[in-house]
Amino acid sequence: MADAGMTKPLTDRRAAVRPVRAWRNMNAKVASIPMVATVLVIFIGCSLWTVLYSFTDSKLLPRERFVGLEQYERLWGTDRWLVSIGNLAVFGVLSMVFSLVIGFTLAAMLDRKIRFENAFRTIFLYPFALSFIVTGLVWQWILNPTYGVQKVVRDLGWTSFSFDPLYTDSIVIYGILIAALWQGTGLVMCLMLAGIRGIDEDIWKASRVEGISVWKTYIVIIIPMIRPVIVTAVVIIAAGIVKVYDLVVAQTSGGPGNASQMPALYVMDKMFKDQNLAQGFAASTMMLVTVAIVLIPWAYLEFGGKRRG
Amino acid sequence: MAEMIAGPRGPKPRRAFSTPNIVLYGTLIVVAAYYALPLYVMIVTSLKTMPEIRLGNVFSPPVEITFEPWVKAWSSACTGINCDGLSRGFWNSVWILIPSVILSIAISSVNGYALANWKYRGSEFFFAVLMIGAFIPYQVMLYPIVLVLKNIGDFLSIFSLAMGMGKVQVYGTLSGLVIVHTIFGMPILTLLFRNYFSALPEELFKAARVDGAGFWGIFFKIMLPMALPIFVVAMILQVTGIWNDFLFGVIYTKPEIYPMTVQLNNIVNSVQGVKEYNVNMAATLLTGLVPLTIYFISGKLFVRGIAAGAVKG
């Protein structure tokens, strides 16, 4: 009896609180409607939709005739896709390595308490303000075989010199890499510099006392200390690599032939040119899988152990 | 060893022309020259005549300077469809830019404020998914968004037709592109504003609450005036980002309202006619001029914007 008497008012109070709670903070919830809609409809909804329809045989319009993994089998049997994946791998590994090395080296040099630091940083970073289209078109012109780098070197007397990446199948990817590095390394440098500047000055005193040379201090002591910054840089570079699209469109349009194709170009052509929707969905799902492979270990490392507010 | 330990405090005075210094500055200057080179090439090429380009190479400075390529790029270069130059693309980009920047910043700033000061159940979850969403390749969502925009148009048409106005088009029009820019600007902008508002002293917020100010009152009277610097950072980020966009412009608009980047690409990579490299470079430089100007004027704020963008996640 006593128990029943105790619980009754409790449940009553709960019932009285519940409707109030839903209405509490209403303005904040209203303000978040765009975010909630974006998350639910676009990021979750649209992504799942694409994954789902990649199992259909949609051509011009999406339709719900499911064919299992047929699109994926066709995808991995298509030369152009395999070339794209190969290019992405080469471009990805090289641009990751060079971005990190160049970015860190530049940051370390700017960190040496030099004069005109601002001027140097402004020059290294300005390409990042430019679009990939502008970047691609400028480098298309600089690498032009008739008037560009090749001609300059030949005019200097080395007449047999040959460097024509944009029209040579085997090295076209390096032509794109040059442009991509020019555009993106400034950002990596900025990140690294912020990381290096965040390190306690005492580390430098200690390493000087120990008689460790400057460059060795950077490699052995500083790099491990800015690990979080490097991890962030790796994730940003990786996300950028998978998406690479505008640059290739502007610089080579995927040519010569299919030599500089990338997954994003394949997706776009299948979806908006070739009227082969499901094939495009399957290819874009593979892009999503690639990002997930990079992102999940990172998220696990970053948020797995500790909680951030 | 003893000298080092007993040495004077403070940074070691270095001679200006020591070997390490020469190597350091030498390397920096060479690298800086390399980074500056494409800008130089754009400028000199755009000031040369075509005969001069055919005689020299991309790096040779112009003998006689001509502004003809600039005029042509702006007012009469051909895209294959029409020949009224980049000016059309420029104004299209301006008309895309203004509403997109305003709408995306308005929505994201309020959203960031709600997430920082008015947490509710699930707010952290949605924020986390929003951050993860920033890493999803756009290609995955492009096509379904076309359908979403068409559906929004059809939905709005019910009302507009009922009121006697015409059918509403969202996909393929300016409004659709503005929505898309707002959506994809949201993760980074929300993060920017949320972090900024979180860092403000909480007493400020509590005092205003005690005084009876509500959600919007605190936002407009207290938060907004204090957040002006971060609004500038957000604007820099969005103006350069939206101006440089190519993908969304191609997919979600029609040729008449193509933004400048898309039109630039069509002009330069058009297969018809003789290639006019000077006009092409003038057009390229014109397109890059807006973000470059913002970059050189804003300086540190630009760096702050990309640094904030870089630590997303």
key: Dipole magnitude (debye, nearest 20) for segment A:159-309, charges at Cβ of Lys, Arg, Asp, Glu   = 520
Label-to-label distance, nm, for residues given as A:D155 and A:K59 (7 Å Cα→Cβ offset) = 5.4
inquiry  = Can you compute the equivalent ellipsoid semi-axes for segment A:72-303, i.e. the square root of 5 times each eigenvalue of the Cα gyration tensor, sorted largest first and rounded to whole Å?
reply    = 36, 26, 14
query = Expressed as an acute angle from 0 to 90° and rounded to the nearest 10, what is the orientation of the C-alpha long axis of helix A:79-110 relative to the principal long axis of chain A?
reply = 80
inquiry  = Within chain B, which whole H helices from DSSP have a Cα span along their axis of at least 20 Å and a mean Kyte-Doolittle hydropathy of 0.5 or more, if any?
reply    = B:19-46, B:87-117, B:138-162, B:174-199, B:228-243, B:277-298
query = Rounded, prolate or oblate: which fits chain B, taking a ≥ b ≥ c as square roots of the Cα gyration tensor eigenvalues, rounded meaning a/c under 1.5, else prolate when a/b beats b/c?
reply = oblate
ask   = Relative to the longest principal axis of chain A, what angle (0 to 90°, nearest 10) does the C-alpha long axis of helix A:277-303 take?
value = 80
remark   = Shape descriptors of the protein assembly as shown over alpha-carbon atoms, Rg and Dmax in angstrom, are 27.3, 106
Estimated inter-spin distance, A:F163 and B:F159, nm [label 7 Å along Cα→Cβ] = 6.0
remark   = Of all stretches in chain B that avoid chymotrypsin sites (Phe, Trp or Tyr not before Pro) placed in a DSSP loop and having at most 12 other Cβ atoms within 10 Å, the longest is B:68-313
message = With bins 5 Å wide starting at 0, give me the P(r) of segment A:88-168 over every alpha carbon pair, in whole percents.
response = 3, 12, 13, 15, 18, 17, 15, 6, 1
note = Probe 1.4 Å, all chains present, heavy atoms only: B:V178 accessible area in Å², nearest 10, is 10
message = With n ≥ 4 as the cut-off for DSSP H runs, can you work out [θ] at 222 nm for chain A, using -39500 (n - 2.57) per run divided by the number of residues, rounded to the nearest 500?
response = -21500 deg cm²/dmol
key: Spacing of the two label points (7 Å from each Cα toward its C-beta) at A:M26 and B:L289, in nm   = 5.2
inquiry  = Need the full-extension length gain, A:K273 to A:A37, defined as separation in residues times 0.36 nm minus the C-alpha distance. One decimal, nm.
reply    = 82.0 nm
ask   = How far, in nm, would the chain grow between A:I178 and A:W76 when pulled straight, counting 0.36 nm per residue and subtracting the alpha carbon separation?
value = 33.9 nm
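The values are calculated or read from the model by the stated rules, or taken from the named source; none is laboratory data. Only a predicted model underlies this, so the values are computations on that prediction, with no experimental measurement involved. Glycine also receives a Cβ, built like all others from the backbone with ideal geometry; neighbour counts cover every protein chain displayed. Just the protein is used for accessible areas: all its heavy atoms, side chains included, with ligands, DNA and RNA removed. Shrake-Rupley method; radii C 1.70, N 1.55, O 1.52, S 1.80 Å.
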